[in-house]
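S.K.: Structure incoming, see below.
The values are calculated or read from the model by the stated rules, or taken from the named source; none is laboratory data. Predicted, not measured: the structure shown is a model, and the values here were computed from it. Because the Cβ atoms are built from the backbone with ideal geometry, glycine has one as well, and the counts that use them run over all protein chains shown. These accessible areas exclude ligands, DNA and RNA; they are computed on the full protein's heavy atoms, side chains included. Shrake-Rupley method; radii C 1.70, N 1.55, O 1.52, S 1.80 Å.
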Amino acid sequence: MTAAAIPPGSTIGILGAGQLGRMTALAAAELGYRTVVLTPEEDAPASHVSALTIHADYTDEAALAHLARVADVVTLEFENVPAEAVSFLESLGKPVRPGSRVLAVAQDRVAEKDFARSIGGGTAPYEKVDTLKALIPALERIGRPSVLKTRRMGYDGKGQRIIAHRDNPVEAWDAIGGKPAILEGFVKFNREISVIVARGLDGAVRAYVPVENRHREHILAETIAPAPISRELAKQAESLAARLATQLDLVGLLAVEMFVTDDGRILVNELAPRPHNSGHWTIDACMVSQFEQLVRAVCGLPLGSPERHADAVMSNLLGDDVERWPEFMKEPNARLHLYGKAEARKGRKMGHVTRLTPRNDRR
Ligand code: AMP
């Protein structure tokens, strides 16, 4: 334990109160911590399992000051919390982990890719496109097909548009709302993988095994753990993720989404400095889950073992899928997790099922 450890019995503040906050709060409770969440949302999933909910906008300074009074440390469950909120908490002397420096990189797709390159990571070819005028020459250099994405606030395929050979770039620019953007070359990937690493206050880093992610309509549908890739590629992906976390001086979790190309290269697509949907399987299949690892990291405790004791396939329950819960409960090797959301809107993440099989190291 580091000198600055925040011991069990203390209170962890969380910005945001969705399912990631909920599973963090549950892991915190297992280690004897209390959680307080700040969210503008009514009846948020993490509110059901936290000691206190502060209902407010993220920029409400009185609410943030309240959070700073009751919490010993603050973390976050999504990287798009306004930077001012985090800086304000820091100005009150409250540790926020990960802090504003990490968020400045992770909130901006251009900064993210610049950073990945600066530490020797590969990315798709890309260019910053802040205006429609800049899009045309950028498109000539990057070529088609390419993907135009807003620099900020994009998730689950929102705020992005493919520009194929016959597409009108002006339409793509309008479709993403005419906001500062990044233009990326379209990667013909073989598979999408991600690695989640935890980094402690003392700089220790632990990586979970790389997993494969399959999407439907831009939303994660399934995570396969471990990813069916060679040991060598898995090592490369893990060490790249560890280097990113270390060079960011991050305390907490970093999820690194990557493409594996046909010729076996790894390209960084996105960084998320928080628990990640592709790490939900760790609750049921690993010694210490990503959520407990986050609690340990932000509280300055030793990190736990990310070792898996089983292989797993995690399936998200999106929208109406959740109605099949009685079926999943009957499966002997399935673990069901429901997030307590009242309304099953289309594509909404309502829960997940993790199916376990004995660990198999022959790959
Ligand atoms: P993102 O919001 O950047 O995670 O992108 C959402 C999904 O779009 C990714 O998981 C990929 O399936 C796809 N995608 C994003 N960027 C590219 C790219 N440069 N080339 C090919 N597919 C991409």
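S.K.: Kindly indicate the residue of segment 94-104 that is closer than 18 Å to Ala198 by Cβ and of a type in the set (A, V, I, L, M) and also farthest from the ligand (Cβ to nearest atom) among those meeting that condition.
M.R.: Val96
S.K.: If Leu248 satisfies every condition in (1) open to solvent by less than 10 Å² (accessible area, probe 1.4 Å); (2) within 24 Å of Met314 (Cβ to Cβ); (3) more than 14 Å from the chain's Cα centre (by Cα); (4) away from the ligand (no atom under 16 Å from the Cβ) but one, which is the exception?
M.R.: Going through the list (1) open to solvent by less than 10 Å² (accessible area, probe 1.4 Å); (2) within 24 Å of Met314 (Cβ to Cβ); (3) more than 14 Å from the chain's Cα centre (by Cα); (4) away from the ligand (no atom under 16 Å from the Cβ), Leu248 breaks only (2).
S.K.: Still on this structure, I have one more. Can you tell me which condition Ala124 does not meet? The list is (1) near the ligand (Cβ under 9 Å from one of its atoms); (2) open to solvent by 50 Å² or more (accessible area, probe 1.4 Å), and all the others hold.
M.R.: The single condition Ala124 does not satisfy is (2).
S.K.: Give Ile119, Ile162 a once-over and let me know the one that is among the β-branched types (Val, Ile, Thr) and within 12 Å of the ligand (Cβ to nearest atom).
M.R.: From the options Ile119, Ile162, the qualifying one is Ile162.
S.K.: Out of the residues in segment 168-189 that are under 18 Å from Pro125 (Cβ atoms) and out of contact with any helix residue (DSSP H, G or I) (no Cβ under 6 Å at 6 or more places or on another chain), state the one that is surrounded by the most Cβ atoms within 10 Å (Cβ to Cβ).
M.R.: Just the residues of segment 168-189 that are under 18 Å from Pro125 (Cβ atoms), to begin with: 169, 172, 181-189.
Keeping just the survivors that are out of contact with any helix residue (DSSP H, G or I) (no Cβ under 6 Å at 6 or more places or on another chain) gives 172, 181, 184, 186-189.
Working: Ala172: 22, Ala181: 31, Glu184: 21, Phe186: 16, Val187: 18, Lys188: 9, Phe189: 16.
Only one residue tops the list, namely Ala181.
S.K.: Can you go through Gly9, Gly16 and tell me which one is modelled with pLDDT of 95 or more, on the phi > 0 side of the Ramachandran plot and in contact with a helix residue (DSSP H, G or I) (Cβ under 8 Å, 6 or more places away or on another chain)?
M.R.: One residue alone meets the criteria, Gly16.
S.K.: Can you tell me which residues in segment 222-245 are in contact with a helix residue (DSSP H, G or I) (Cβ under 9 Å, 6 or more places away or on another chain) and open to solvent by 10 Å² or more (accessible area, probe 1.4 Å)?
M.R.: Hits for segment 222-245 are Pro226, Ile229, Leu240.
S.K.: Then there is this: Residue check, Trp325 against (1) in contact (Cβ under 8 Å) with a residue 40 or more places away in the chain; (2) part of a helix (DSSP H, G or I), all met but one. Which one?
M.R.: Every condition holds for Trp325 apart from (1).
S.K.: Tell me whether segment 224-233 contains one or more residues that are away from the ligand (no atom under 12 Å from the Cβ), farther than 22 Å from Gln293 by Cβ and free of Cβ contacts under 8 Å to residues at least 24 places away in the same chain.
M.R.: yes
S.K.: To continue, here is another question. Within segment 194-232, track down each residue that is under 20 Å from Gln160 (Cβ atoms) and in a strand (DSSP E or B). Write out each step before concluding.
M.R.: Step one: filter segment 194-232 for residues under 20 Å from Gln160 (Cβ atoms), giving 194, 213-221.
Of everything in segment 194-232, those that are under 20 Å from Gln160 (Cβ atoms) and in a strand (DSSP E or B) turn out to be Ser194, Asn213, Arg214, His215, Arg216, Ile219, Leu220, Ala221.
S.K.: Scan segment 333-363 residue by residue and report those that are aliphatic (A, V, I, L, M) and closer than 18 Å to Ser315 by Cβ.
M.R.: Ala334, Leu336, Leu338, Ala344, Met350, Val353, Leu356
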